[in-house]
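Beneath this line is the structure, given in structure tokens, with notes to follow.
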């Protein structure tokens, strides 16, 4: 019974009251589409408070008075969390919202001549923070932050027996509220006609921010003088210094589970759907090809974009387009050669072959960039935007536009979040995020982070595999006493939190001196006490 948990579908009185309050808050936002409220600030406050209060009360009804520890809570029985009717309704509703948000913002009331509808309802809050009228992105950012805060409290309550889960949830709540929402909005007040602060995204980490080195973005940094230069230097250091060091010490979890807003929403609002991730081998193979294809696309796109801003005259500029392409190509070849030689034991045969294929494809694209003036090729955007955009771009601009549309909009938004109730809460992180791709390679080959297992204690209950949001069959590692070192693992620690036997442990320490679980499981003569005493 402790493994099956509470499989009931009925709502207790507290949850019923919470549902009414929460839906009332959402109802106010929907009604704003059809009715202009006279006091928008008041109604917006009532709406956001009601939504937050509804979530918190529902959480109280779910977990109050129950023992600490993880139970399955009937997740494979309830319709909303088992791809049942309400799961599909939720998925279609979320997907529809993202389609409107990205491509039909006018339906939400966004208008340069004066906002109406939902966007207009958020005008008072936007003017209070930034001094500017709201946009559809401000509406989204506000609702996004409210979701992480409210569902974050629910998450902390659910996992109140585990300090690690509480700390990392507080961390993502802090970074989303402060660095992703409030600070950029407040920084916008410092802008004027003569001074433009690059406040759009403080971290500005490539390749997650595919526009990090676009011309308009670099111009923002330059126009902001010393402050902008500091942001630009920080962005470059983040890619080549800060991120690799943190990943070496702590794995990709330092970002994916402690800082990232996408991961924050997946962990909090998407927690109820984490078990829906596909654990089959075929899903893992598809995941590897898709995410690394996105990463290659990001590298090629960025190289093409930067090359178009460089001078072509070698007598005036030492760093010309062709020189830049050659340098990037040599860097990738040297990086691949170094990994192939020094990490050859960690590279499986299929991984090595895949890396060779991707390197050849990347260099082939670089050859095209080297010999062809991309700015002279014209492409109609309607052919890759399903008719949503009929502008004519040069090839380099089309490359940026297609990447932003396919990866930034369709994958990360419409599919990545809209399909939570269908494919699980980390679809974007598993298959679409180029940042996760780079961090995953670093984690797999260079990081000290891994999840150690004690196979002798495993009872094969399957909780760890069930709740792994990244589609990893954790139980297969635990049964063999094998350490888990996977590129896709975000170090959320839920597998450890739901294990009833304490089999799994997240570690950052050196490899030397660790107990070899395979030897223990096989019954070989291992002097465990000497290893413990040496520590």
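Nothing in this text is a laboratory measurement; each read-out follows from the coordinates by a stated rule. The shown structure was predicted, so the numbers you read here are calculated from the model rather than taken from an experiment. Cβ: placed from backbone, ideal geometry, glycine included. Neighbour counts: every protein chain shown.
Multiplying the residue separation of residue 36 and residue 460 by 0.36 nm and removing their Cα-Cα distance gives an extension gain of 146.9 nm. With a simple spin-label model that places each label point 7 Å from the Cα along the Cα-to-Cβ direction, the separation between residue 334 and residue 364 comes to 2.6 nm. The simple Förster model, with R0 at 60 Å and r as the Cβ-Cβ distance, assigns residue 19 and residue 249 a FRET efficiency of 0.85. Along the Cα-to-Cβ line of residue 189, 7 Å from the Cα, sits a label point; which residues in the range 129-161 have backbone N less than 12 Å from it? Counting only backbone N, you get 129-132. Label separation (residue 285 vs residue 341): 3.3 nm, computed from points 7 Å beyond Cα along the C-beta direction.
Hey, fewest Cβ within 10 Å first, where do 161, 292, 73 land in order? Mind showing how you got there, number by number?
Working: 161 12, 292 22, 73 19.
Final ranking by Cβ density, sparse to dense: 161, 73, 292.
Placing a pseudo-label 7 Å from each Cα along the Cα-to-Cβ vector at residue 479 and residue 113 gives an inter-label distance of 6.7 nm. Net length available on complete extension from residue 92 to residue 11 is 26.8 nm, with 0.36 nm assigned per residue and the Cα-Cα distance removed. Between residue 128 and residue 26, full extension at 0.36 nm per residue minus the direct alpha carbon distance yields a gain of 34.5 nm.
FRET efficiency for residue 82 and residue 348, Cβ-Cβ distance as r, R0 = 35 Å, nearest 0.05?
Details: r = 34 Å, r/R0 = 0.98.
My answer for the efficiency is 0.55.
Report note on the peptides 146-154, 10-18: ranked by the mean count of other C-beta atoms within 10 Å, highest first, their order is 146-154, 10-18. For the pair residue 233 and residue 356, a Förster radius of 22 Å applied to the C-beta separation gives a FRET efficiency near 0.05, rounded to the nearest 0.05.
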